[in-house]
Amino acid sequence: MNLRLHVFFCQFIWLIAVLNGKSFQGVPGYGRNLIIKALPAIEDYQSNVYEVFMEPYLYAPRSVPGLQATVNLIADDGSGVGGELVFTQIVPNGPVTIEGNITGLTPGLHGLHVHQTGAIKDTCKDIGPHFIAYYGRHGGPRDHIRHVGDLGNIKAEEGATLNVKIVDHLISLAGPRSIVGRSLAISQGEDDYGRSSTEDSALTGTSGPAVACGIIGYLN
C-alpha cells in the first residue's frame with residue numbers, strides 16, 4: 001500500500017509539472033521536464049533504484065537525434081585503464097549504441113557492466129552490485145534472463161587501443177531501465193555469463209574486481 005501511495009504521489013507531482021510547462025534549468029533533458037523518482041527495495045524483486053523519466057517521450061530535433069550519455073573511465077588501483085564511451089538512444093525504449101575507445105587493458109576478455117550506484121571517489125569499491133532493475137540472475141547480453149547491467153565481454157589486444165561498438169536492447173537512457181547516474185565498470189577478467197555453478201558466477205560472472213569505472217551522465 002505504501003508503494004502505491006508513493007507512485008501516486010510521484011505521478012501527481014509529474015502532472016503538476018507538465019501543466020505548469022516548466023523545465024528544471026541546468027538539468028540535461030533538452031528543455032523537457034525531468035522527473036526523478038526513488039523506489040524502495042522490494043525483496044527478491046529489486047534493490048533501491050532511482051528512476052529518471054522525461055515527459056513527454058519525444059526527442060527534440062538535433063544534429064544527433066535521440067538522447068546521448070557519456071562516461072569517462074578512470075583507472076582503479078593504478079591499473080592504467082582509461083577511456084571514454086558514448087551512449088546513444090535514438091527512440092524511446094529502443095536499443096542503445098555504445099561507442100568509444102579504451103586503453104590500457106591487458107590482452108583478453110574483460111567483463112563490461114553497469115553497476116547500481118554512481119558512488120565513485122578515488123576507487124571503484126563502492127559502486128555496488130550490477131544494475132538489476134528486475135529480479136533475475138546474472139547472464140550474458142543475449143540471454144533472456146539477465147541483469148539490466150550485464151553488457152557482456154570486450155576483447156583487448158596487446159598494445160592496441162580497443163575500439164568499442166555495442167548495441168544493447170535492454171539498457172535505456174530514460175525510464176525504469178535508465179543507466180544514467182549509475183556507474184560503468186570494466187572487470188579484471190572474463191565474464192562467464194553465469195554459466196558456472198558457483199554463487200559468484202550467478203552474481204558477477206566471476207569476472208573479478210573492476211580495473212576502471214566511471215559515472216554515466218547525459219552528454220548535453
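Just so it is clear, none of the values below were taken in a lab; they were calculated from the coordinates. Keep in mind it's a predicted model, so treat the numbers as computed, not measured. Counting neighbours? That spans all protein chains shown, and the Cβs are built from the backbone with ideal geometry, glycine included.
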Residue-by-residue Karplus 3J(HN,Hα) for region 187-201, coefficients 6.51, -1.76, 1.60, Hz, glycine and proline x: 8, 5, x, 7, 7, 8, 6, x, 7, 7, 8, 10, 5, 5, 5
Hull shadow area, averaged, region 82-124 [alpha-carbon convex hull, nm²]: 4.5
If you put +1 on each Lys and Arg Cβ and -1 on each Asp and Glu Cβ, how big is the dipole of region 67-218 around its Cα centre, in Debye rounded to 20? 460
What FRET efficiency do you get for Ile145 and Glu84 if R0 is 30 Å and r is their Cβ-Cβ distance, rounded to the nearest 0.05? 0.45
Per-residue ³J(HN,Hα) for region 119-129, Karplus 6.51 cos²θ - 1.76 cosθ + 1.60, θ = phi - 60°, Hz, x for Gly and Pro: 7, 10, 10, 9, 9, 9, 6, 10, 7, x, x
Rh (Kirkwood, all Cα-Cα pairs) for region 67-218, Å, reads 15.1
So for R0 = 30 Å, FRET eff. of Asn101-His169 from the Cβ-Cβ r, to 0.05, ends up at 0.80
If each of Asp122 and Asn93 carries a label point 7 Å out from its Cα toward its Cβ, how far apart are those two points in nm? 4.6
Measuring from label point to label point, each 7 Å out along Cα→Cβ, what is the Ala160 to Arg137 span in nm? 3.5
Can you bin region 101-156 into rounded, prolate or oblate? Criterion: square roots of the alpha carbon gyration tensor eigenvalues sorted a ≥ b ≥ c, rounded for a/c under 1.5, prolate for a/b above b/c, oblate for the rest. oblate
